[in-house]
Amino acid sequence: MEGRFVNIAKEIYEIASVVGVSVQDLEQIVGGANCYPSIQKGACCSLAFFISIKGSMAKGRGHLSFPQVLDEFVRHMQGHCAGITRDAVIITNDWEHWSYEQWYENIENIKLGGVHLEAYLISKGSHITQINI
């Protein structure tokens, strides 16, 4: 069963795999949702995307590493937007298990608080894999 936000992961993959995706592209793709990384900072939304694209799939400056994305995720979900953001999506081509382990307890507490969380790993060769976290 595909997640609710798989189409966003597919759209990011399609751009990133051909010409590279910029931070501005990511903001446009996710529309009015909160986006990390972002050039614009706005009010908390019910939906937030946390995206780490590195290497040849990234275009321009401002991209976040996977550890930075998880830091932003926890800060957002347990900090200034706690109780407001109810859906969160992590998309990366740079999964680092040790970073996930570092934030495991926080992620579990966020999910126990009723947040719907989806995560996707994208990679060359049309691979978009939903990660059960």
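Please work out which residue is farthest from GLY113 (Cα to Cα), limiting yourself to region 63-85 and to residues that are part of a loop (DSSP other than H, G, I, E, B) and within 14 Å of the chain's Cα centre (by Cα). Steps first, please.
Filtering region 63-85 for residues part of a loop (DSSP other than H, G, I, E, B) gives 63-65, 81-85.
Subsequent filtering for residues that are within 14 Å of the chain's Cα centre (by Cα) retains 63-65, 85.
Details: HIS63: 29, LEU64: 26, SER65: 26, THR85: 11 Å.
Applying the filter and picking the extreme gives HIS63.
Please enumerate the residues belonging to region 8-57 that are farther than 18 Å from GLN78 by Cα, surrounded by 18 or more Cβ atoms within 10 Å (Cβ to Cβ), in contact (Cβ under 8 Å) with a residue 24 or more places away in the chain and hydroxyl-bearing (Ser, Thr, Tyr).
Answer for region 8-57, where residues must be farther than 18 Å from GLN78 by Cα, surrounded by 18 or more Cβ atoms within 10 Å (Cβ to Cβ), in contact (Cβ under 8 Å) with a residue 24 or more places away in the chain and hydroxyl-bearing (Ser, Thr, Tyr): TYR13, SER17, SER22, SER52.
With respect to GLY60, is the statement that it is over 26 Å from GLY114 (Cα atoms) and either in a helix (DSSP H, G or I) or in contact (Cβ under 8 Å) with a residue 24 or more places away in the chain (or both) true?
Taking the combined requirement at face value, the residue satisfies it.
Is there any pair with a first residue in region 94-113 that is in contact (Cβ under 8 Å) with a residue 12 or more places away in the chain and surrounded by 13 or more Cβ atoms within 10 Å (Cβ to Cβ) and a second that is part of a helix (DSSP H, G or I) and polar (S, T, N, Q) whose Cβ atoms are under 8 Å apart and which are 6 or more apart or on different chains, and what are they?
Sorted first by the residue in region 94-113, then by its partner, the pairs are ASN106/GLN78; ASN109/GLN78; ILE110/GLN78.
Which condition number in (1) within 22 Å of ARG4 (Cβ to Cβ); (2) of a type outside the set (Phe, Trp, Tyr); (3) at pLDDT below 95 is the one that ILE51 fails?
Failing condition for ILE51: (3).
Quick one: in region 95-127, of everything that is assigned to a strand (DSSP E or B) and either within 21 Å of SER56 (Cβ to Cβ) or touching an Asp or Glu at 6+ places or on another chain (Cβ under 6 Å) (or both), which residue is modelled with the lowest pLDDT?
Filtering region 95-127 down to residues assigned to a strand (DSSP E or B) leaves 116-123, 127.
Of the ones still in play, those that are also either within 21 Å of SER56 (Cβ to Cβ) or touching an Asp or Glu at 6+ places or on another chain (Cβ under 6 Å) (or both) are 116, 120-123, 127.
Values: HIS116: 97, TYR120: 97, LEU121: 96, ILE122: 95, SER123: 88, HIS127: 84.
Step by step, filter region 95-127, then rank; the result is HIS127.
Hey, does region 45-54 have a residue that's part of a helix (DSSP H, G or I) and either of a type in the set (A, V, I, L, M, F, W, C) or in contact with a helix residue (DSSP H, G or I) (Cβ under 9 Å, 6 or more places away or on another chain) (or both)? Give the steps one after another, and end with the answer.
Step one: list which residues in region 45-54 are part of a helix (DSSP H, G or I), which gives none.
No - not one qualifying residue is present in region 45-54.
The values are calculated or read from the model by the stated rules, or taken from the named source; none is laboratory data. Quick caveat, the model's predicted, so the values are computed rather than measured. Cβ: placed from backbone, ideal geometry, glycine included. Neighbour counts: every protein chain shown.
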